[in-house]
Amino acid sequence: MTSIDPGTLADITADAGYPATTATDDGWHAPPSRAVRLHAGCMALLFLVIASVSMVVPLIAADRLALLQRVAGAILAILLSAVVGAYLGARLRHQRWKLDDEGLWLRTGRMWRRETRVPASRVQHVDLKHGPLERRFRLATLVVHTAAVHLSGITVRGLDEDDAQVLRDRLARQLDDAGDAL
């Protein structure tokens, strides 16, 4: 199996009306910016809802004089939680993936970097998941199931839909070729 040509992925994504997937010279691909924005927005919304619900009880129990202070504190806590959620959601921007002759590589993290390699010989099957928001933004999540005991697979979130299909097809073709060799 050969590595995915960055030009091929650029052609596919440009035809879809989205900017091409960015790839470095060494073959690592970053998620599209729309995936990072979507993930950060969803996390911010989740934190916002949790903080809002958690502030309801203290506001109900407040007396009249302390109500203004508690409302101001609740608003500050809610806004702070939305900012924290957006920051945590934006961690997707530090994810990189690469497909080469050895298999699929996934690199995550900025300060504490984690690099996972799934050898092509260990891949059992490959799934694509598309949630409603992912479909709206032409994104997908690739799930690679392996024959390993420690990790049953890896999940690559925030892929461009066309990139995910190319990855799935290349990994599936590699599985077919390995089965024919036996």
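Brief remarks on what is shown
- Filter result for Leu128 (surrounded by 15 or more Cβ atoms within 10 Å (Cβ to Cβ), touching a helix residue (DSSP H, G or I) at 6+ places or on another chain (Cβ under 6 Å), under 20 Å from Arg170 (Cβ atoms) and free of Cβ contacts under 8 Å to residues at least 60 places away in the same chain): yes
- Residue in the range 52-70 that is over 22 Å from Leu133 (Cα atoms), at pLDDT below 85, in contact with a Gly (Cβ under 9 Å, 6 or more places away or on another chain) and not in a loop (DSSP other than H, G, I, E, B) present: yes
- Top-ranked residue of the range 146-161 - restricted to ones that are crowded, with 17+ Cβ neighbours inside 10 Å, under 24 Å from Ser121 (Cα atoms) and not aliphatic (A, V, I, L, M), ranked as modelled with the highest pLDDT: Arg157
- The condition (being out of contact with any helix residue (DSSP H, G or I) (no Cβ under 7 Å at 6 or more places or on another chain) and not assigned by TED's automatic domain parsing to the domain that holds Gly27) is satisfied by just one residue among Val118, Val83, Val143: Val83.
The values are calculated or read from the model by the stated rules, or taken from the named source; none is laboratory data. Because the structure is predicted, anything quoted here is derived from the model rather than measured. Counting neighbours? That spans all protein chains shown, and the Cβs are built from the backbone with ideal geometry, glycine included.
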